[in-house]
1. Just to be sure I understand the filter: pairs with C-beta atoms under 8 Å, separated by 6 or more residues or on different chains, first member in segment 31-54 and over 17 Å from D110 (Cβ atoms), second member among the acidic types (D, E). Which pairs pass?
2. Out of segment 73-94, which residues are outside any strand (DSSP E or B) and farther than 22 Å from T125 by Cα?
3. Could you grab me the full set of residues in segment 48-83 that are at pLDDT 95 or above and of a type outside the set (D, E, K, R)?
4. Just the residues that are farther than 12 Å from T141 by Cβ, touching an Asp or Glu at 6+ places or on another chain (Cβ under 8 Å) and surrounded by 14 or more Cβ atoms within 10 Å (Cβ to Cβ), please, taken from segment 33-49.
5. Restricting attention to segment 112-128, and to residues there that are in contact with a Phe, Trp or Tyr (Cβ under 7 Å, 6 or more places away or on another chain) and either within 16 Å of V35 (Cβ to Cβ) or acidic (D, E) (or both), which single residue is surrounded by the most Cβ atoms within 10 Å (Cβ to Cβ)?
6. Could you please give the count of residues in segment 96-105 that are out of contact with any Cys (no Cβ under 9 Å at 6 or more places or on another chain) and not polar (S, T, N, Q)?
7. Of all residues being of a type outside the set (S, T, Y) and crowded, with 19+ Cβ neighbours inside 10 Å in segment 62-72, which is nearest to E126 (Cα to Cα)? Just the residue, please.
8. Just to be sure before I move on: is A67 of a type in the set (A, V, I, L, M), touching a residue at least 60 places away in the same chain (Cβ under 8 Å) and under 18 Å from Y140 (Cα atoms) in the structure I sent?
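The values are calculated or read from the model by the stated rules, or taken from the named source; none is laboratory data. Bear in mind that the values here come from a model prediction, so they are computed numbers and not experimental data. Cβ sites come from the backbone with ideal geometry, for glycine too, and all protein chains shown count toward neighbours.
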Amino acid sequence: MRLAVFICLAPLFTAPMTTRADDAKKGESLDGTWVPSAAELGGKAFPEEVRKTITLVIDGDKYTVTAGAAPDKGTVKLNPKGTPKGMDVTGIDGPNKGKTFQAIYELDGDTLKVCYDLSGKARPTEFKTKEATQLFLVTYTRDKK
């Protein structure tokens, strides 16, 4: 179960496509370490015991997610001009190698909210999940340690 959850979650953690200088000017840098403070999948609360094991590190346009022993690594391309803002997450190494997932995001200070479509079919249009879908909504908090 833990591996299946990791495979579903790993592409959900992202990094920006814009340059760091551009991000700093806008106050929108996603660089740093993030921990999920809340999550739901398919309209149901995500298991807290799994959520607490996840760490996301973003560095430029690259991400590394650790949940258990096997890390997932990849890139993300942002579309900050959309409403809501969009992103495409692509796995490069790990359980999601070669897969691309569409998502939307919202950054508010040290809080990052992301809604992903784990089916890979379409970009979500709102920060909400529904039963019988593979929509994953997660709220991350920047780790300031």
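1. Close Cβ pairs (under 8 Å, with a partner that is among the acidic types (D, E)) amount to G42/E131; G43/E131; K44/E131; F46/E40.
2. First, pick out the residues of segment 73-94 that are outside any strand (DSSP E or B): 80-84, 94.
G94 - this is the single residue of segment 73-94 that is outside any strand (DSSP E or B) and farther than 22 Å from T125 by Cα.
3. G74, T75
4. Answer for segment 33-49, where residues must be farther than 12 Å from T141 by Cβ, touching an Asp or Glu at 6+ places or on another chain (Cβ under 8 Å) and surrounded by 14 or more Cβ atoms within 10 Å (Cβ to Cβ): G42, F46.
5. Only one residue fits best here, namely V114.
6. Number of matching residues: 4.
7. Applying the first criterion (of a type outside the set (S, T, Y)) to segment 62-72 yields 62, 65, 67-72.
If we keep only those that are crowded, with 19+ Cβ neighbours inside 10 Å too, we end up with 65, 67, 72.
Details: V65: 24, A67: 26, D72: 26 Å.
Restricting to residues being of a type outside the set (S, T, Y) and crowded, with 19+ Cβ neighbours inside 10 Å, the top hit is V65.
8. Numbers: of a type in the set (A, V, I, L, M): yes; touching a residue at least 60 places away in the same chain (Cβ under 8 Å): yes; under 18 Å from Y140 (Cα atoms): yes.
Yes.
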